[in-house]
Each structure stands twice: as C-alpha cells, then as structure tokens.
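S.K.: Below you will find the structure I want to go over with you.
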Amino acid sequence: MAYRIVASQCTGCSACEPECPNMAISEKNGTFVIDPAKCTECINYFDEPQCVAVCPVDDTCIIDNNYPRYSA
Amino acid sequence: MASPIISLSSIAAPGRAKLDELLQQVAEHKGCGTSSGSGKASCGTGAGQGDLSPEVWEKVKNHPCYSEEAHHHYARMHVAVAPACNIQCNYCNRKYDCANESRPGVVSEKLTPEQAAKKVLAVASTIPQMTVLGIAGPGDPLANPEKTFKTFELISKTAPDIKLCLSTNGLMLPDHVDTIESFNVDHVTITINMVDPDVGAQIYPWIFYKNKRYKGREAAQILSERQLQGLEMLTERGILCKVNSVMIPGINDEHLVEVNRAVKSRGAFLHNIMPLISAPEHGTVFGLNGQRGPSAQELKALQDSCEGEMNMMRHCRQCRADAVGLLGEDRSAEFTTENVMAMEVEYDLESRQAYQAVVEQERQAKAAAKQAELETMAGEHSDVKILVAVATKGSGRINEHFGHATEFQIYEASTAGAKFVGHRRVDLYCQGGYGEEEALESTIIRAINDCAAVFVAKIGGCPKESLKAAGIDAVDRYAFEYIEQSVIAYYRDYLEQVRGGAIVHGTRGDAEIRQGAFVAA
Ligand code: SF4
Ligand code: SF4
Ligand code: SF4
C-alpha cells in the first residue's frame, strides 16, 4: 500500500515534500499529493513514514487501501 | 527647542513621481528627531545604548525591531518564503501563520525566493527607511533552508545595504550557523519558551528531528538543547541574537525568569517577552482548551522582573510576517505580488543613503530635547510613578487624533524620566467603525485603564468626558511635541499637584491585552 494525502486537510505547508526518500510528493493546486507508484511507505529507509511524522495536521497522510502492500 | 525642518525634495531622484509622492507621505509622518541617539538611556531598557557594547549598539541602533527608538524612523519588512515547520507549538495552528511570531488567523502570501527578492527591492527603492529584511515564517526558516538562503543570496547581491535577519524555533539552528555567518546575517531571533523539558512538554506536543517524530518530554529536551547550542554558536561568532518568549500564564510565566538567566549567560543581547495570543477561533490547542493570555500588568511585572538581567524589548507588536513599513504601519497592500511583478525596479543606493543621513539628524535633535527636559528634574526624588498613553503615528511625536489611533504607546513617568514600557492596540476593537463611538471608547478605556493620562494631537469633547469619568486625563496641549519631553513635563506638573494636594495619587487597575496581531493599515 502507498500513502496518500487527504487534500481537504493539507495546509500546503510543503514540509513533507523534501522529507520523502523517494521524491514521491509534489504540489498540485496548492496542496500536496503522493505518487503511489513511487511511495514505498518509507520501508528500507526509515522506521516511520516521513510524511506522516512531519505533517502538522493529524490524519492527513494516511494509508491508501487501494494499493497493495509495498514489498521490498 | 526649535525643530529642524527636513527637506526631502532635495534627495528624491527627479522624474520619479511615485517616489516623490511617497516621500511626501513619509515627510508628513516624520517631522523630527527622536530620543537618545547614542545617548545613554535614562532607564536601562532598549531605549539607548544602555549597557550594550559599542559593536552591538552599532548593529542594533537602526534595527526597527530591536531598538525601540529606531522603530519610529526605520522600517523592516518580512517575506513569507518558508511555509514548512518542524515542530508543533500548542499556540500555533498550522493552517495559518505562526500565531505568536506573526499573526494569528491570517495567512500570508507565499512567495518564491525570486518573487521575494523582487518585492524587497521594489519596497526598498520606494521606502528609503526600509533597512531590514526578515524571514520569519509562516513556518520555520531553517526548516526551509534552501528557500531562505536563496532569498538572502539574491538580495545581498543587489542591495548590500539591507540588513538580513531571521527568526527560528532553533531546532535546526546548529546545522546552519556557518551558512548564516557566510551571508552576513547579523540578527537572529530564537523563540525559547523554556529551558526545562517538563515545562516544554506542556508547550510542544512533538518535534520532527533526524527523520523521527519525538514527543513529550524527550521532544522538549532535544529542542531545548539545540536552541541553547545554536545560541552559543551564534554569539561566539559575534552574530547578534535576540530571544523571544511567549508568556503562557500557569505554564511558563514564572519559569521565564530562569529562561532569561539561561539566555543571557549564553550571550543573547535582548529578551523579548510577548503575551500569548489565544482565542478559540484560532483553533490552536491553547485557544481551544481555554488557556488564557496574560493581562497587561502581569506582562509588565514579568518584564520588570527580568529587566535587571538584560535589555527587554517592549515594543514588539507581534506584527504580520509579511508586513511592510514602519512598525505599527503596514503598507503591504501597495506591494502585492501582482503589483511588484509589474514594477520596474531601479535600486538607488545613493538616494537611500542620503535619506538615512537626514533621519540621523532628526534622531539627534530629539535626543537633545529629551535631555534638556530631563535636566529640569535633576535632584527630584519621589515614589510616584504614572503611566501615560500616547497616540502617535511615529517619529517620536504626539501626532495622532484620539479617534484615529489604532494603538497607544505606554510610557512610565517617574523622577527617573520617561520610559517606554509597551503599547496597547485597539485596532481590532474598532470594527464597529465610528458609528459605535461608545463601544469604541469603552474598549479603549479598558486597554489603557492603568494610565493616568492619554496624550493626543486632538480629541473631541465627548470622549474627553468619558475618559475623565474613568479617571484618565485626556491631554491635547502637547500636540505635535516630542513624546518623552512632554511626558516628563506632564509628570513634573502632576507631582507638583500631588504635593500641593490638588491630586490624590492612587494605584490604578489592570488593563486588557487585545487578542490578535497588528493588522491595521
Ligand atoms: S510514506 Fe515515505 S515514501 Fe511514501 S510518500 Fe510518505 S515519505 Fe514518501
Ligand atoms: S506536511 Fe501535511 S499539511 Fe504540509 S504539505 Fe505535506 S501533507 Fe500537506
Ligand atoms: S513581530 Fe514585528 S515587532 Fe516583533 S520582531 Fe517582528 S517585526 Fe519586530
């Protein structure tokens, strides 16, 4: 599974963008979006998903159940 | 004493109608000199050189944020290029700007470094007093290091005379000290609300550091260590450091005396204690859980108890991060991104310097006036102290109509002279407009309730009566005079009347601090 950003909650602060080890995050119309094809849930990089850890709004970067679990 | 008349037309470049027009407005605003110059402050606050070393004073004296005297004459601007933050503060709602550093409940316009640089140059070539550029948010400048330093790089190339400063929460500060030094940034503000992790845990729910989210006491401990380390590293390199603290009653109010000692011993030159701004509609943790901000007297008492320790900054208006203009005045509407990008900017260093030389003369003149008045008090000693509220548009004069004032400057008068102790804003209360005179009057009275008098350029009969009923003397006989000189003169009369029995001097009540950042134009 990949992570996704709940657009209605995102403040557009950009804090997550540089933290992603896979450059999966980019800006789109003032809020940020995750490219599910690039997101590895930070597995093999960090103990916790970086976008979740840095985001100032709780429950904004969440698991997207539409995608299968990422396997390294 | 006679006031020197300043001819601004002589320094405005010919053929630039827009600039002339703006200088004209500036001229109306200014008039004359101001207090202290390099003279020793009578009170030991930030009003003059005080106990600062000559090198520090040289850096501080023209900084509108750090020198309460300079903020009448020089202007600063902030550009919002740094939206991301790496910690969470309970007084901040990240949907908006950093509530206590800048302005609560309002969002600044985000700029790219290129847009920001163009805006700075446009403003600096229109407003010659613009001498300081700050990057303070809406997030943390050092959580956005590329954007912050790119902006500095672009500006220092074209406008080397503009001082650069930045405000940070300090978490990433130790990593960027070398870059800060290489850009000649000589003013850094660090927001330090605690040096005890147990206190910190009540202010900061989490931080993001080295790819991990830390919570509670551990988070506060890391933050505090990084802040103090960064402060030490900067002061070792001779970079000026100011510390901001947000006073949160019941959480860090008493603790801030300890913070004051800790930052002073590490070389901070100024400590600015600001009241917590907290209202439910800001959606912050403190706003929602009913955490109150301090009253005016509580704030003053804490500032007084820290004052023996070091210079305190009492004129901070917690103004908007993207404000343009002299403190208390905001001209950002003229410089929207759209306007700026359409402007043709020609940076004229020479005319800026000429203008600034004139301002220096004004400042000397006012210092002399204050000194002369103070000498009439020599040898007087009394325990009587009063607070006086002053309506001013800047330049150190009583030059604002009571009904137009968006804020009042508060001076404490005693036999030691006149000392600036803070300001009270009434701008957000004025929303009813002039139709609701009574409501307006009562809010102003609440804001300056601890003052014995209010000095204005002009006031109507009705408000004068209401003020009188509240025990506040509305004084217009010093209209357009220098503030400090007038405060001392008033105090001398007051003291005489107390001694003659005509006035019974008593303590006055507390006053309210408005909730909201400075947004009046
Ligand atoms: S979970 Fe990790 S890899 Fe996926 S978007 Fe967030 S930061 Fe990038
Ligand atoms: S950190 Fe959160 S709020 Fe900020 S841009 Fe990323 S998703 Fe949006
Ligand atoms: S908020 Fe305003 S007064 Fe305070 S430091 Fe910044 S510019 Fe100066």
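The values are calculated or read from the model by the stated rules, or taken from the named source; none is laboratory data. The structure presented is a predicted model; accordingly, all values stated were derived computationally and were not measured. Positions of Cβ are backbone-derived with ideal geometry, glycine not excepted, and every protein chain shown enters the neighbour counts. Each accessible area value is taken on the protein alone, full model and side chains, heavy atoms only, with ligands, DNA and RNA left out. Shrake-Rupley method; radii C 1.70, N 1.55, O 1.52, S 1.80 Å.
S.K.: Need the failing condition index for B:SER245 against (1) of a type in the set (Ser, Thr, Tyr); (2) over 23 Å from B:VAL185 (Cα atoms); (3) surrounded by 23 or more Cβ atoms within 10 Å (Cβ to Cβ), just the number.
M.R.: Exception for B:SER245: condition (2).
S.K.: What do you reckon, is B:ASN260 in a strand (DSSP E or B), in contact with a Cys (Cβ under 8 Å, 6 or more places away or on another chain) and more than 14 Å from chain A (Cβ to nearest Cβ)?
M.R.: Criteria not met by B:ASN260.
S.K.: Do we have B:LEU326 as away from ligand 2 (no atom under 16 Å from the Cβ) and at pLDDT below 70 here?
M.R.: Yes.
S.K.: Just checking, how many residues over segment B:252-296 are open to solvent by 30 Å² or more (accessible area, probe 1.4 Å) and modelled with pLDDT of 85 or more?
M.R.: The number of residues fulfilling the criteria is 15.
S.K.: Only residues that are open to solvent by 20 Å² or more (accessible area, probe 1.4 Å) and small (Gly, Ala, Ser): list them for segment B:368-402, please.
M.R.: Correct list: B:ALA368, B:ALA372, B:ALA378, B:GLY379, B:SER382.
S.K.: Also: Which of the residues spanning segment B:332-371 are of a type in the set (A, V, I, L, M, F, W, C) and over 27 Å from the mean Cα position of the chain (by Cα)?
M.R.: Within segment B:332-371, B:MET341, B:ALA342, B:MET343, B:VAL345 qualify.
Residue by residue, here is whether (1) open to solvent by 60 Å² or more (accessible area, probe 1.4 Å); (2) of a type in the set (Val, Ile, Thr) holds:
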position: B:CYS451; (1), (2): no, no
position: B:ILE459; (1), (2): no, yes
position: B:GLY471; (1), (2): no, no
position: B:GLU496; (1), (2): yes, no
position: B:ARG499; (1), (2): yes, no
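S.K.: Based on what the data block shows, is B:THR158 open to solvent by less than 40 Å² (accessible area, probe 1.4 Å) and within 20 Å of B:PRO113 (Cβ to Cβ)?
M.R.: The answer is no for B:THR158.
S.K.: May I ask you to verify whether B:ARG317 is touching a Phe, Trp or Tyr at 6+ places or on another chain (Cβ under 6 Å), at pLDDT below 85 and either under 24 Å from B:THR126 (Cβ atoms) or within 16 Å of ligand 3 (Cβ to nearest atom) (or both)?
M.R.: The answer is yes for B:ARG317.
S.K.: Tally up the residues in segment A:26-40 that are within 14 Å of another protein chain (Cβ to nearest Cβ) and near ligand 1 (Cβ under 10 Å from one of its atoms), please.
M.R.: 1
S.K.: A further question follows. Among the listed residues B:ALA136, B:ALA143, which satisfies the condition of being surrounded by 24 or more Cβ atoms within 10 Å (Cβ to Cβ) and within 16 Å of ligand 2 (Cβ to nearest atom)?
M.R.: Answer to the selection: B:ALA143.
S.K.: What residue, among those in segment A:1-23 that are free of Cβ contacts under 8 Å to residues at least 24 places away in the same chain and closer than 19 Å to B:LEU111 by Cβ, is nearest to the other protein chains (Cβ to nearest Cβ)?
M.R.: Top of the filtered list is A:SER14.
S.K.: Just for segment B:170-225: of the residues that are touching a strand residue (DSSP E or B) at 6+ places or on another chain (Cβ under 6 Å) and among the basic types (Lys, Arg), which one is farthest from the other protein chains (Cβ to nearest Cβ)?
M.R.: Once the filter is applied, the top-ranked residue is B:LYS215.
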